[in-house]
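J.: Quick one: the structure is below, and I'll ask about it shortly.
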Amino acid sequence: MTRSLFGRLALYLTAIVIAIYSAFPVYWMIVSSTRAPQAMFSSTSLWPGPLTSEYYSNLLELTDYPTQFMNSLTVALVTVVVTMFFSVIIAYAVTRQRIRGKKVIVASMLYAYMFPPLLIAIPMYTFFTRIGLGDTLTSLVAAHLTMTLPLGVWFLWGFFKNMPFELEEAAMVDGCTRLGAFLRVVLPLSLPGLLTVAIFSFLLSWTDYTFALIMIGSDANKTVPVGLASMIGSFDLRWGEIMAGSTLIALPLFGAFALLSQYFIQGMSAGAVKG
Amino acid sequence: MSSKATFASFLIIGLLITLVLIAAPVVYAISLSFYTMDSFVADPDWIGLANYTRVLSTSAFWNALGNGLVYSISTIALQVIIGIGIALVLNQTFRGRNLVRGLSILPYLLPTVVIVLTFKWMVDGSIGILTRAIAALGLPPIHWFESPQAAMASSVMVSVWLWTPFVTTAFLAGLQTVPASLYEAAKVDGTNAIQRFYHITLPMLKPVLTVVVLLRAVWTFNKFDVIWLLTGGGPVGSTEHLAILSYTTAFTKFDIGGGATIATLSFLFLAISVFIYFRIFPLDEEES
């Protein structure tokens, strides 16, 4: 298609505006986290520098940030593993057999999309406090599963539904058991779907603030989002450290996105993502 | 293991997990709304519907419902308009398109906390980059959180920025399904770009739009952290919506029954709205 010079110019200009609109805050976060303290107050330059790593070393040496980072990582990884395990099982059972319990599962997962977070958080917190597991990472994992499990089941349900039965039947004719056919044929073929579920479960758990705020009370068990947010409540605002902390939580997500962007986009266009 | 036994065990595990993790908390929350409890370890006392009559008679509840509606509707309207605009531009061919597409998704990857903190830093009273830019342009300083209107506008702005990529991505995927021949034919008939958008693009993408608006509406209405971190519901309750009201009732006033009641009512309201939405915009589903 040919376009007039004016049209092309307008197109590139809007594209640049879109890029700045979407990326400038992220850019500014990174620039601010590396700009020397005296320049933070005086410099109006949009370019990075003068550089410093002071905020990062303060954050890692003087605050609970490393502990919180490990807490976040533990919670997110456990959530991912548990989500994948159960959503595979549930989605497979639901797609491959006509059974009565099926409707209950599918309907619950659908409604779970609409639950206000407090409708889950209040009873969960009450329950875990009463059984003596309040303020633990376990309770936080349980809360995160209420978001990630419906997502996983929905997504894999769609995935398994489109996978022909013949594949498993062929494997079973060749002497595989049902479980064997599932493990050796269905799972390997579902790898893209499984990756998408893993990515989004990680994203939901890693970025969660609401459940972490409610389920966790002690500094030692806080995850990064809650830890960072509490830095802004203190009297002197240490913007450099706050931006450094923000950059560090965002970094793994950018890395994952750069490597696995097709799965991100697949999941987002499937509308599978809560947020 | 036989085929039947494999299935049976899969199904039992599935049902159990669903019951324990999804159904049980909600049933527990709803049952808590019939009790009064002033701490999380206290023994609950049955009071029937008293929590409901009490909550529904407070102005705080109706204020929060109203704020939630203003917040959700303006956030959704703006993100749909901006998201569609961006999708239309990113659907054109130009050099560097993949880079801009990648960048346009960035906001969605960031944790809410990061977005809110970065926004607060950018509008910091004396040295924020936006504050400086506004001063450099000779405009009067903006007080982002001080008046009720400004606090609501800031909340909407940040939320729109955060969720636009969702609309963009869904719409961009939808645009790929519109056959190019339709546009060619319309062009031959002498239509202009705006007519083609209204008569081809929009009708073709109506199913996508219906789902996107529904999902975004549900999640925006339920979203707690953006406003909580930005304004804490203030000033004077002007940005307090049902999620925040429910949180403060249960976790700062320790009125657990009251908090559970607000959460339940909020869910009921949402369920009814979704039901009505489906009546107005039925999904023509052939797949399920």
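The values are calculated or read from the model by the stated rules, or taken from the named source; none is laboratory data. Please read these numbers as outputs of a predicted model, since none were measured by experiment. Backbone-built Cβ (ideal geometry, glycine too); neighbour counts: all protein chains shown.
J.: Looking at (1) within 13 Å of chain A (Cβ to nearest Cβ); (2) under 17 Å from the mean Cα position of the chain (by Cα); (3) more than 30 Å from A:Q262 (Cβ to Cβ), which is the one condition that is false for B:L69?
T.: For B:L69, the exception is condition (1).
J.: From the list B:R279, B:R196, which one is touching a Lys or Arg at 6+ places or on another chain (Cβ under 9 Å) and more than 11 Å from chain A (Cβ to nearest Cβ)?
T.: B:R196
J.: Which residue out of A:F69, A:F86 is under 30 Å from A:S33 (Cα atoms) and surrounded by 17 or more Cβ atoms within 10 Å (Cβ to Cβ)?
T.: So the residue among A:F69, A:F86 that is under 30 Å from A:S33 (Cα atoms) and surrounded by 17 or more Cβ atoms within 10 Å (Cβ to Cβ) is A:F69.
J.: Would you check which residues across the stretch B:102-140 are surrounded by fewer than 16 Cβ atoms within 10 Å (Cβ to Cβ), at pLDDT 85 or above and not hydrophobic (A, V, I, L, M, F, W, C) and list them?
T.: Result: B:R132, B:G138, B:P140.
J.: Can you tell me which of A:V185, A:V197, A:V224 is β-branched (V, I, T), away from chain B (no Cβ under 11 Å) and over 23 Å from A:M109 (Cβ atoms)?
T.: Just one listed residue meets the conditions, A:V185.
J.: Take B:R216 and tell me if it is more than 10 Å from chain A (Cβ to nearest Cβ) and either without any contact (Cβ under 8 Å) to a residue 12 or more places away in the chain or farther than 17 Å from B:W62 by Cα (or both). Reasoning before the result, please.
T.: Values: more than 10 Å from chain A (Cβ to nearest Cβ): no; either without any contact (Cβ under 8 Å) to a residue 12 or more places away in the chain or farther than 17 Å from B:W62 by Cα (or both): yes.
No; evaluated as a whole, the condition is false for this residue.
J.: Do any helices (runs of 4 or more DSSP H) lying entirely in the stretch B:199-284 carry at least 1 residues that are crowded, with 17+ Cβ neighbours inside 10 Å and touching a strand residue (DSSP E or B) at 6+ places or on another chain (Cβ under 7 Å), and which ones are they?
T.: Here the list reads B:256-280.
J.: Let me ask you something else. Being assigned to a loop (DSSP other than H, G, I, E, B) and closer than 30 Å to A:T83 by Cβ is the filter; apply it to the stretch B:6-40 and report the residue that is farthest from the other protein chains (Cβ to nearest Cβ).
T.: B:S33
J.: Name the residues in the stretch A:123-147 that are under 20 Å from B:W219 (Cβ atoms), within 7 Å of chain B (Cβ to nearest Cβ) and either loosely packed, with under 15 Cβ neighbours inside 10 Å or touching a residue at least 40 places away in the same chain (Cβ under 8 Å) (or both), would you?
T.: A:M124, A:L145
J.: Scan the stretch A:206-230 residue by residue and report those that are surrounded by fewer than 18 Cβ atoms within 10 Å (Cβ to Cβ) and assigned to a helix (DSSP H, G or I).
T.: A:D219, A:A220, A:S230 - these are the residues of the stretch A:206-230 that are surrounded by fewer than 18 Cβ atoms within 10 Å (Cβ to Cβ) and assigned to a helix (DSSP H, G or I).
J.: Is it the case that the stretch A:182-205 has a residue that's in a loop (DSSP other than H, G, I, E, B) and either surrounded by fewer than 23 Cβ atoms within 10 Å (Cβ to Cβ) or not acidic (D, E) (or both)? Step through it out loud before you land on a result.
T.: Looking only at the stretch A:182-205, we keep the residues that are in a loop (DSSP other than H, G, I, E, B), and these are A:190.
Applying the additional criterion that residues be either surrounded by fewer than 23 Cβ atoms within 10 Å (Cβ to Cβ) or not acidic (D, E) (or both) yields A:190.
Among the residues of the stretch A:182-205, at least one is in a loop (DSSP other than H, G, I, E, B) and either surrounded by fewer than 23 Cβ atoms within 10 Å (Cβ to Cβ) or not acidic (D, E) (or both), which makes the answer yes.
J.: Also, quick follow-up: May I ask you to list the residues in the stretch A:90-107 that are at the interface with chain B (Cβ under 9 Å from one of its Cβ atoms) and either farther than 19 Å from A:F159 by Cα or without any contact (Cβ under 8 Å) to a residue 24 or more places away in the chain (or both)?
T.: Answer for the stretch A:90-107, where residues must be at the interface with chain B (Cβ under 9 Å from one of its Cβ atoms) and either farther than 19 Å from A:F159 by Cα or without any contact (Cβ under 8 Å) to a residue 24 or more places away in the chain (or both): A:A93, A:Q97, A:I99, A:G101, A:K102, A:V104.
J.: Would you check if B:L99 is crowded, with 16+ Cβ neighbours inside 10 Å and at the interface with chain A (Cβ under 10 Å from one of its Cβ atoms)? Break it down into steps so the answer makes sense when it comes.
T.: On the way: crowded, with 16+ Cβ neighbours inside 10 Å: no; at the interface with chain A (Cβ under 10 Å from one of its Cβ atoms): yes.
So B:L99 does not fit the description; no.
J.: Which residue out of A:S22, A:S87, A:S72 is more than 19 Å from B:L110 (Cβ to Cβ), in a helix (DSSP H, G or I) and either at the interface with chain B (Cβ under 8 Å from one of its Cβ atoms) or touching a residue at least 60 places away in the same chain (Cβ under 8 Å) (or both)?
T.: After applying the criteria, what remains is A:S87.
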